[in-house]
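> Below you'll find the structure I mean.
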Amino acid sequence: MATAQNFYELYRRSSVGTALTDTLDDLITDHRIDPQLAMKILANFDRAIAEVLQDKVRSRLTFKGSLHTYRFCDEVWTFQLKNVTFKMENGGQVVSADKVKIVSCTAKPTGNAA
Amino acid sequence: MENIQIPTTLPEVENLIHELYKPNSAETISRIQDVLQRLQKSDEGWQLAQGLLACSSDSVKFFGALTIIVKLNTASLSDNDALSVLQNLITWLINSLGDGSGPIVVRKLCSALVTYFIHYSHTWDRCVRHLLYCLNLNTSVPIDDIDESTPTESFIQALDTPKYFAASWFCTALAEDTEKIDTKSTKYISLHERLLSNAQDVTALMSHSFKIANGTSSTEAQKESIVCLQAWVLYAQRSPKQPLVENLQTLLPPAINGLICDELYESSIELLTDILGDWPDFFTPDQFNSLYSLFESQWSQERYQNLLQGDSDFDAIQFGLFMLAFGAARMNDMMDGNENRAQRFLAGLAGLLTAQGHPVAEDKIFVPALEFWSAFVEHLVDNLYAESSDNLPWDKPPLSQVMQVVSYSWQKIQYPMIDVYNSWDSAERAGFGDARKDVADFLQSVYTISGLPLVSLFVDLILQALSSSAWAELEAASFCLGALSDCVPEGGSCDDILNKVFGSSLFALLHQGHSVVPVRARQTCLYLIERYSDYFGRHAEFLPAALNLLFSAVGDRHLALPSSKSIYTLCSSCRGPLTSEVDAFLEQYSSLRNGTELDSVAEERVVGAIASIIQSITDKARKAESFRRLLILIGIDVDNCLRLRSLGEGALVDPNDTVIHRAFDATQRPTGPVLANDVSLQLAIRALRCLCSIAKGFQAPVDLDSDESSDEEPVDTNLDQVQADIMGILIQFRNLFSSNAEVVDVICTILRAGFSETDPGPFVFPPQAVTGFITGNWQNRIATVVNTASVFVTSLCSGKHKECIAPAICQLFPWVVGLLHQLPEPEDEPELSQYGIEFAERCLAKQSGIVMSQDPKLLEFIFIFAIKLLNGTEPLPKAAAAEFWTTFILLKVDDQDTQATIDNAMSHLGPQLAQSLVHNIGGKASRSELDRLSDPLKKLVVKHIHSQKWLEAALNDPSFPSDKVSAQEKTLFLKKIISLRGSRPTNQVVREFWLACRGSSFAYVS
């Protein structure tokens, strides 16, 4: 059964999401697709990226940093961290960042959780 | 069928439809479709459909119904015309039920009726009742003629089986197709309201099938009702309305009863599993109780036992998934240890992890079950967070169940015998590996509650496995212990527990080779050493044994990669205690080089590891001597490389020559003679990669206290010589091999390794040497070299040699501009353009005075170049140019002459820059570039008094790229931009203006 679950649009702002949107813009400019199709493609993207990140991505990393600010509003956690170091899986590269913002949403839309 | 003539008669159309459904080439089918679609969309489409539906063939009738759907979707009808279409459609449906038409025709006609409802629902609001009435009378009657006094149930009871199925298909399609229509669109609000007014009739139809007597037709009808219910639940979930939800809830008990009927099992279990997973609140408490009872029934126990005994049929797996969905829906019950019924069920869920077979390859329920348990533990963690975690009742449910799952899961991830593993396909092997990772994740979650006892558990399991030589158990327990390494506290509070493993006979056993411990167990144990490198840092007494073991494994091709990785991690993180071992390690490396099996990646890690130990030697003479010994070993490859290169074109090397072993890894080794030049290149790459690893190993650890670096280090003449030797190698390799991209990349990485260092070292070259080297002759990847120059300038500005900045920029800036000048067009080499303009931006940001004092022709070129990039289409150079202009606009220096030059340049370039920005914002830029382009615009508005004039001129210039915005809108945009004074909302204004310039077609995304 296809689910009626709505998917977050937040991955549209990721680099792959913005690249997709730019490409859809180009296709609309060239009259190769119409905006309705672009909208459906983006909706599919929202679903696909959420599913792929959940089911297919097996890589992981750990990170440490100082928690500067946190808040929980409308079922969304936001953490702002400072001086963060990311340690990749299997002793890979260490990446540092001065500031990191983590936005964390509930995996299932409100009202559908157990 | 070269040219298809447009058919002029019905038989011709029929023939064409038959051709369409015959096996034909894709091209032919596409041409037929084109012709038929033209007919469908023509004014004669209605008559055509009528004619086709009167034919005898199912495929022709199907096409007729499809034509009706096309016409309904494309034509606009008056209400009267629409109603007459409806009458005809119902007539055709009734006729097709009586004339023996196949289900394909009946279903398509039902779809056509639903299409009618979507477009003309205002003329057919009680569609289900009307259709049932017509089916009952076996004729199409006007809507107003419905007998309102008779309940819908009476119409339904009178239907024969084919008519019941048709009504059921219509109701299913009604929910499915309407669900796709946006509920928020004002155009369709009434459609959804009218659909809801039919809910009671639909419920009556579905519940009828569950009441009728037994028999094949009744089972089929029930199956159709379950499918219909699934569609309606999906619709209701999207916009839950109380009466609809209550109506549908009444149908769940018969669906639950359907589970025990073999014919209904599949559709019922799919329906119930989906609802439990997606919308558990749909179930009432009584219905949950029914499900609890069902799970305790004999029927469930049989299914459960079948699953545990390795039944991997679809039905069996479905049952397991159903249990898991129920457990997830009742998670709160499961966490309550006093809920006996829930705890019995939870024990069943733990038992799912004991199903026979290896995960993924044979046991398909293991991964979903483990996912449930991971979620369960996460919930437990959330619940326990506020409570004291001391004295948790681990011997009572649900925590006892969690420990049971830990026990089951580590046993399940033991590797099978090698012949069984080899019989799996690649997906099964990958799936098994992923299942192990899932177990590692699960254990990390459990650690959050249990803490050190979990570490103790796996330590004990390792010791037991060691004593009984149970290698599969040893491997799995070591894997689990390794998974917990990220969780254990840093202070060493679990060292006593770990001592038991690392002080055991483990190292001695592993030393004995494959004949004693199988490869896989050895690999995992070596990985375990790396995972606990912090522990070895605190326990130097175990380090030599661990490293001796690891070095002994590097020469083994199965263990080279895990052992070299562990060597690198241990030596890098425990460098201080290991300085006394450096001679032994150099000996080990030297003897490894003499073998034929030393893998190049493993070698890089080993030399990097030794270099990191040498880096921490405090005695300078000993440090220099150790480094010299390491460099001599690398020098052997360099000498061989140069010797082979000197043999000239066409010279060949025998494949048995020992130099081949150094040039090629075992898997890539050639079997015939190889060109000496090719071998020479491979040796150069290997030597450079080793040098690169050494350079990284020589970098001071990141946590080194910066106060420790001495400012007044005496000049070390030995160091000068070492640097000159290394630089000599780099220059020779650049001159000989810089046409190879990898050579250039590695050379640049070696240089960068020294840039970040504050203390002198073999790779911290004098700035003038670096500048001279960078501006030398390169044959490939010049963009990478330019990027390295940028990093170099930045490092100079933050390092000790500030006096070297000006000479470096004076030499590098003209060199970079010269490279950019050679490009026919700025976007011919986007990477070079990007790095070139980034270099200029960094110089401007760090030393604007020096840049502005350069030759005016160079400056003019770079400014025009940056404008051209901004006008271009390449995203990365454009982003770099936007940053360049942001930096330039903000420039403010104390020196009045330099400031005057900057102001003068800005007044000349301002109009061009404004025009470029306005063109981009006016629709030329990609959507993703807008934020970056807003930056220079914001700075321009704040910093320059003429910015408004420049922007206004650009907006009103005939070359403005869009005709979709009026002069007024442009003026309003400018007014907003100016009044916002460079604040953040400017980005939104820019976005809105870009959208207005592009047009409404681009408003599809929020």
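> Please list, ordered by chain and number, the residues whose modelled amide H lies under 5 Å from the amide H of A:PHE63; skip anything fewer than 5 residues away on the same chain.
A:LYS87
> Here is a further query. Taking every residue in A:35-46, how many Cβ atoms of other protein chains lie within 10 Å of its Cβ, on average?
Counting other chains' Cβ atoms within 10 Å and averaging over A:35-46 gives 2.
> Assigning unit charges at the beta carbon (Lys, Arg +1; Asp, Glu -1) and nothing else, what dipole magnitude in debye, to the nearest 20, does region B:914-1006 show about its Cα centre?
With Lys and Arg at +1 and Asp and Glu at -1, about 300 debye.
> For region B:756-890, which whole percent of the accessible surface, found with a 1.4 angstrom probe, sits on carbon and sulfur atoms?
Percent of accessible area from carbon and sulfur atoms in region B:756-890: 54.
> May I ask you to list the trypsin sites (Lys or Arg not before Pro) in region A:6-114 that are in a DSSP loop and have at most 16 other Cβ atoms within 10 Å of their Cβ?
A:ARG32, A:LYS56, A:ARG58, A:ARG60
> Could I ask something else about it? Along the Cα-to-C-beta direction of A:VAL100, a point sits 7 Å from the Cα; which residues of region A:57-80 have their amide N less than 14 Å from that point?
A:60-69, A:79-80
> Calculated from DSSP H runs of 4 or more alone, at -39500 (n - 2.57) each and per residue, what is the 222 nm mean residue ellipticity of chain B, nearest 500?
Value at 222 nm, helices only, nearest 500: -22500 deg cm²/dmol.
> Then there is this: Give me the percent of Cα-Cα pairs in region B:402-509 that sit more than 21 Å apart, rounded to a whole number.
I get 38 percent for the Cα pairs in region B:402-509 exceeding 21 Å.
> Let me ask something else. For region B:105-195, which GluC sites (Glu not before Pro) are both in a DSSP coil and crowded by at most 11 other Cβ atoms within 10 Å?
Those that pass, being in a loop and sparsely packed, are B:GLU148.
> Which residue, chosen from B:LEU53, B:VAL791, B:THR250, occupies the Cα position most advanced towards the positive end of the dipole of the protein assembly as shown, where the dipole is computed from +1 (Lys, Arg) and -1 (Asp, Glu) charges on Cβ about the Cα centre?
Positive-end residue among those listed: B:VAL791.
> Once you put a point 7 Å from the Cα of B:THR667 and another 7 Å from the Cα of B:SER493, both along the Cβ direction, what distance in nm separates them?
Once both label points are built, they end up 4.3 nm from each other.
> In addition: Compactness ratio of region B:841-900: Cα Rg over 2.2 N^0.38 Å, N = residue count?
Scaled against compact globular proteins, the figure is 1.15.
> Also: Would you kindly derive the ³J(HN,Hα) couplings of region B:786-799 from the backbone phi angles with the Karplus curve 6.51 cos²θ - 1.76 cosθ + 1.60 (θ = phi - 60°), listing them in order in whole Hz, with x for Gly and Pro?
Values, residue by residue: 4, 4, 4, 4, 4, 4, 4, 4, 4, 5, 4, 5, 9, x Hz.
> Also, quick follow-up: In degrees, nearest 10, range 0 to 90: what is the angle between the Cα axis of helix B:103-120 and the longest Cα principal axis of chain B?
80
> Restricting attention to region B:1-92, which GluC sites (Glu not before Pro) occupy a DSSP loop and are surrounded by at most 12 other Cβ atoms within 10 Å?
Qualifying residues, ordered by number: B:GLU2, B:GLU44.
> Please compute the length gained on full extension between B:HIS946 and B:ALA470, using 0.36 nm multiplied by the number of residues separating them and subtracting their Cα-Cα distance.
163.2 nm
> Next question, about the same structure. Near the amide H of B:ASP363, under 5 Å away, which other amide H atoms are found, from residues 5 or more places off or on another chain, if H is placed in the peptide plane?
Here B:HIS358 satisfy the definition.
> Can you tell me the orientation of helix B:285-295 relative to chain B, as the angle in degrees between its alpha-carbon axis and the longest Cα principal axis, to the nearest 10?
The answer is roughly 80 degrees.
> To continue, here is another question. Suppose we look only past 24 Å in the calculated P(r) of region B:862-980. What percent of the Cα-Cα pairs does that tail hold?
More than 24 Å apart: 23 percent of the Cα pairs in region B:862-980.
> Below 15 angstrom from the Cβ of B:ASP58, what's the summed charge of the other residues (Lys, Arg +1; Asp, Glu -1)?
Net charge in that neighbourhood comes out at +2.
> What does the buried accessible surface come to for B and A, summed over both chains, with the probe at 1.4 Å? Round to 100 Å².
Approximately 2600 Å², summed over both chains.
> Over region B:120-236, one equal point on each Cα, no solvent: what is log10 I(q)/I(0) by the Debye formula at q = 0.11, 0.16, 0.21 Å⁻¹?
Taking Cα atoms of region B:120-236 as identical point scatterers yields -0.36, -0.74, -1.19.
> Here's another thing I want to ask about it. Using θ = phi - 60° and the Karplus relation 6.51 cos²θ - 1.76 cosθ + 1.60, list the HN-Hα couplings for region B:122-127 in order, rounded to whole Hz, with x at every Gly or Pro.
Rounded to whole hertz, the list is 5, 9, 8, 5, 9, 4.
> Starting from the alpha-carbon convex hull of region B:546-606, give the projected area averaged over all orientations, in nm².
The orientation-averaged projected area of the Cα hull of region B:546-606 comes to 3.6 nm².
> At what distance in nm do the modelled label points of A:THR78 and B:LYS976 sit from each other, each positioned 7 Å from its Cα along Cα→Cβ?
For A:THR78 paired with B:LYS976, the spin-label model returns 2.2 nm.
> Please give the per residue accessible area of region B:1-128, computed with a probe of 1.4 Å over protein heavy atoms only, in Å².
48
> Give me the number: length gained by fully extending B:GLU44 to B:TYR421, i.e. 0.36 nm times residue separation minus the C-alpha to C-alpha distance, one decimal in nm.
Full extension from B:GLU44 to B:TYR421 adds 129.2 nm.
> Here's a follow-up. Placing +1 on the Cβ of each Lys and Arg and -1 on the Cβ of each Asp and Glu in region B:448-546, which of B:SER505, B:GLY491, B:CYS480 has its Cα farthest towards the positive end of the resulting dipole?
With unit charges placed on the Cβ atoms, the residue in question is B:SER505.
> Work out which trypsin sites (Lys or Arg not before Pro) in chain B are exposed loop sites (DSSP not H, G, I, E or B, at most 12 other Cβ within 10 Å) and give the longest gap free of them.
Longest site-free region, per DSSP loop and neighbour criteria: B:185-891.
> Hey, could you grab the Kirkwood Rh for region B:752-861? Inverse mean 1/r over distinct alpha carbon pairs, Å, one decimal.
Kirkwood radius, region B:752-861: 14.2 Å.
> What distance in nm lies between label points placed 7 Å from Cα along the C-beta direction at B:ILE260 and B:ALA741?
Those two pseudo-labels are separated by 6.8 nm.
> Grab the alpha carbons of the protein assembly as shown, take their convex hull, and tell me the volume per residue in Å³.
244
> With a Förster radius of 25 Å, plug the Cβ-Cβ distance of B:LYS184 and B:THR74 into 1/(1 + (r/R0)^6) and report the FRET value to the nearest 0.05.
It comes out at approximately 0.55.
> Rounded to the nearest 20 debye, what is the charge dipole size of chain B about its Cα centre when +1 sits on each Lys and Arg Cβ and -1 on each Asp and Glu Cβ?
2000
> I want the local charge near B:PHE664. Using Cβ-Cβ distances under 14 Å, sum +1 for each Lys or Arg and -1 for each Asp or Glu among the other residues.
With Lys, Arg at +1 and Asp, Glu at -1, the net is -3.
> Report the charge-dipole magnitude of region B:23-86 in Debye, nearest 20, computed about the Cα centre from +1 at each Lys and Arg Cβ and -1 at each Asp and Glu Cβ.
Computed charge dipole of region B:23-86: roughly 120 debye.
> Please give the per residue volume of the convex hull enclosing the alpha carbon atoms of region B:683-842, rounded to a whole number of Å³.
It is 114 Å³ per residue.
> Provide the gained length on full extension for the span B:ASP895 to B:THR618, in nm with one decimal, where the gain is 0.36 nm per separating residue minus the Cα-Cα distance.
Separation in residues times 0.36 nm, less the Cα-Cα distance, equals 95.2 nm.
> Apply the Kirkwood formula to region B:276-406: the hydrodynamic radius equals the inverse of the mean of 1/r over all pairs of different alpha-carbon atoms; give it in Å with one decimal.
15.3
> If you bin the C-alpha pair distances of region B:42-86 every 10 Å from 0, what whole percents do you get?
Calculated P(r), rounded to whole percents: 29, 54, 16, 1.
> Could you work out the mean projected area of the convex hull around the alpha carbons of chain B, in square nanometres to one decimal?
For chain B, averaging the hull's shadow over all directions gives 56.1 nm².
> Right, another one. Setting aside same-chain residues fewer than 8 positions from B:LYS970, which lysines have a Cα under 28 Å from its Cα?
B:LYS868, B:LYS878, B:LYS924, B:LYS938, B:LYS939, B:LYS943, B:LYS949
> Mean projection of the alpha-carbon convex hull of region B:459-521 over all orientations, in nm²?
4.2
> Tell me the angle of helix A:35-55 to the major Cα principal axis of chain A, expressed in degrees between 0 and 90 and rounded to the nearest ten.
Helix A:35-55 and the main axis of chain A meet at about 30 degrees.
> With the dipole of chain B worked out from charges on the C-beta (+1 for Lys and Arg, -1 for Asp and Glu) around the Cα centre, which of B:THR8, B:TYR164, B:LEU592 lies farthest toward the positive end?
Among B:THR8, B:TYR164, B:LEU592, the one farthest towards the positive end of the dipole of chain B is B:THR8.
> Can you list the residues, at least 5 places off or on another chain, whose amide H is less than 5 Å from the amide H of B:LEU675, using H built in the peptide plane?
For B:LEU675, the qualifying residues are B:VAL653.
> I'd like to check one number: the per residue accessible area of region B:904-1006, probe 1.4 Å, reported in Å² as a whole number.
Value returned for region B:904-1006: 48 Å² of accessible area per residue.
> Given chain A, what count of lysine pairs have C-alpha atoms under 23 Å apart, with each pair 8 or more places apart or on different chains?
Value for chain A: 12.
The values are calculated or read from the model by the stated rules, or taken from the named source; none is laboratory data. Here the structure is a predicted model, which is why all the values come from computation and not from measurement. So basically every Cβ, Gly included, is an ideal-geometry build from the backbone, and we count neighbours across all protein chains shown. Quick note on the areas: whole protein, heavy atoms, side chains included, nothing else; ligands and nucleic acids left out. Shrake-Rupley method; radii C 1.70, N 1.55, O 1.52, S 1.80 Å.
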